[in-house]
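Undergrad: Pasting a structure below so you can have a look.
The values are calculated or read from the model by the stated rules, or taken from the named source; none is laboratory data. Nothing here was measured: the structure is a model prediction, and the numbers come from that model. Here the Cβ positions follow ideal geometry from the backbone for every residue, glycine too, while neighbour counts run over all protein chains shown.
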Amino acid sequence: MRHDDLVATIRPAGPQSRGVPIYDAALSLGHGRLNGDAPIVGYLDLPDEYVRDVLHAPPGQVIVAYSSGDSMSPTIKDHDLVLINTAADTFSRDDLYAFSFKEEGYIKRLQRAGDAVVVHSDNPAYTDWSITGAELRELRVIGRVVGIIQRP
């Protein structure tokens with residue numbers, strides 16, 4: 001299935017909405033993939049009230065990217081659309097994040113474990129891995145995952 005087949009623009013009623021950019025970027029759920037400076041392929045119009053009250057994100061600070069892989073299944077499946085709060089761009093609590101590490105993009109659960117960050121997949125077929133020491137400087141949080149639009 002092509003990304004173009006998945007992109008749909010939802011136009012809610014009401015003047016207080018904005019287009020959330022959908023990037024042609026596949027963030028890996030498995031072994032890491034990042035599409036650099038990915039182009040915007042569409043917009044998902046969401047009411048500011050929904051972004052603020054349901055997604056708990058500041059309006060204008062949410063982006064959408066595609067998922068790739070099965071390591072976060074059943075929570076996130078291959079080619080789902082993932083809504084990311086880019087204002088939450090630091091690792092402040094154990095949660096589900098979009099991040100890059102060593103130039104590769106991921107969507108995983110990050111958990112603090114002493115001086116390390118444990119990277120956890122929801123799919124039990126994948127093992128946890130840790131980021132420690134000097135490697136922590138290569139961890140860049142893109143944002144916290146605040147919503148998932150699952151493909152049909």
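Undergrad: When residues of region 123-152 are filtered for being within 17 Å of S68 (Cβ to Cβ) and either of a type in the set (A, V, I, L, M, F, W, C) or at pLDDT 95 or above (or both), how many remain?
TA: Number of matching residues: 7.
Undergrad: Could you check region 76-97 and list, in sequence order, the residues that are surrounded by fewer than 18 Cβ atoms within 10 Å (Cβ to Cβ) and out of contact with any Gly (no Cβ under 8 Å at 6 or more places or on another chain)?
TA: Across region 76-97, the qualifying residues are K77, H79, T90, S92, R93, D94, D95.
Undergrad: Looking at region 28-39, can you tell me whether even one residue there is charged (D, E, K, R), at pLDDT below 95 and either within 30 Å of T127 (Cβ to Cβ) or in contact with a strand residue (DSSP E or B) (Cβ under 6 Å, 6 or more places away or on another chain) (or both)?
TA: yes
Listed here are the residues, each with its yes/no results for (1) within 25 Å of H56 (Cα to Cα); (2) outside any strand (DSSP E or B); (3) touching a residue at least 24 places away in the same chain (Cβ under 8 Å); (4) among the hydroxyl-bearing types (S, T, Y).
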{"residue": "T75", "(1), (2), (3), (4)": "yes, yes, yes, yes"}
{"residue": "H79", "(1), (2), (3), (4)": "yes, yes, yes, no"}
{"residue": "L83", "(1), (2), (3), (4)": "yes, no, yes, no"}
{"residue": "S92", "(1), (2), (3), (4)": "yes, yes, no, yes"}
{"residue": "P152", "(1), (2), (3), (4)": "no, yes, no, no"}
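Undergrad: State which residue is modelled with the highest pLDDT when the search covers only region 72-122 and only residues that are in contact with a Lys or Arg (Cβ under 6 Å, 6 or more places away or on another chain) and of a type in the set (D, E, K, R).
TA: By that ranking, first place goes to D95.
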